[in-house]
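To start, the structure itself, in structure tokens.
The values are calculated or read from the model by the stated rules, or taken from the named source; none is laboratory data. Small disclaimer: the values here were computed from a predicted structure and weren't measured. Cβ coordinates were reconstructed from backbone atoms using ideal geometry, including for glycine residues, and neighbour counts include every protein chain displayed.
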Amino acid sequence: MEKSVLFEVDNGIALITLNRPEKYNALNQDLLAHLYDAIDEVAGNPDIRVAIITGRGKSFCSGIDKTEIRAGGVFNATCYGRDFPDVIGACRKPIIGAINGVAITGGLEIALNCDFLIASERAAFADTHTRVQIHPGWGMTALLQQAVGQRMAKQMSFTGQFLSAEYALRCGLVNEVVPHEELIPRAKQIAADICAGGQEIVTIIKDLIELQNGIPLNEAFAREREGFKSFLKKHKID
């Protein structure tokens, strides 16, 4: 039986692939456990500089596997006592979402927790929490409006309607849309460009961008200046 999450590393780049294509990569406890293990490996392995998360088959991730719930199971959004945002948030290395197909509800939340997204032309995005009547729990209400703005986030979440890859690009949800067969090569190319930079500085900039989101601009400038002064004390610039 194949693993529900595939993991491979090449030249400092980890490729994490959700691997339940027959279930549209729907989330169950086994997939979550293996996904958490993969992200923990990225965080703790000094030889890994960047990670890419993608899906196998027609779907990136279709959200919770409702068939298991109907069969009498209870989906627990936590695994090892942690939620997905806690796990990915503890990883200070860049994580690129390579969206190969539909990203729906919990799958969209996985995508939103990545640092940025590259989409196949076949990708599509939807928040169907209102349709399936499940409360969001992995950052949808905060991260979606950061990506597309409050008004578009409301429209997506209230209606549950899908955005095409091209429309998602216009809204700012994804950074690029590429032909389907070029998705992983393009994501790896971007990852290689990140690897070419200094890992410490990449981590510092990632932290600053995330820390400064939502605070006043003058405070953001002050924090960056203080960080720069601390950096100069530790490093000699040639």
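Worth a mention:
- For region 123-151, the candidate set comprises residues that are buried (at least 18 other Cβ atoms within 10 Å of the Cβ) and among the aliphatic types (A, V, I, L, M); within that set, the residue that is nearest to THR67 (Cα to Cα) is ALA126.
- Residue check, ASP47 farther than 27 Å from LYS66 by Cα and over 17 Å from the mean Cα position of the chain (by Cα): yes
- Residue within region 193-207 that is surrounded by 12 or more Cβ atoms within 10 Å (Cβ to Cβ), in contact (Cβ under 8 Å) with a residue 24 or more places away in the chain, of a type in the set (Lys, Arg) and outside the structural domain of LEU117 (by TED's automatic domain parsing) present: yes
- Output for region 21-42, where each listed residue is surrounded by fewer than 17 Cβ atoms within 10 Å (Cβ to Cβ) and of a type in the set (A, V, I, L, M, F, W, C): ALA33
- Enumeration of residues in region 6-53 that are at pLDDT 95 or above and of a type in the set (S, T, N, Q): ASN11, THR17, ASN19, ASN25, ASN45
- Looking only at region 100-122, and only at residues there that are within 11 Å of LEU163 (Cβ to Cβ) and of a type in the set (Gly, Ala, Ser), the one that is surrounded by the fewest Cβ atoms within 10 Å (Cβ to Cβ): ALA119
- Pair list, Cβ < 7 Å and 6+ apart or interchain, from region 139-161 residues that are at positive phi and touching a residue at least 40 places away in the same chain (Cβ under 8 Å) to residues that are assigned to a loop (DSSP other than H, G, I, E, B) and not aliphatic (A, V, I, L, M): GLY139/ASN113
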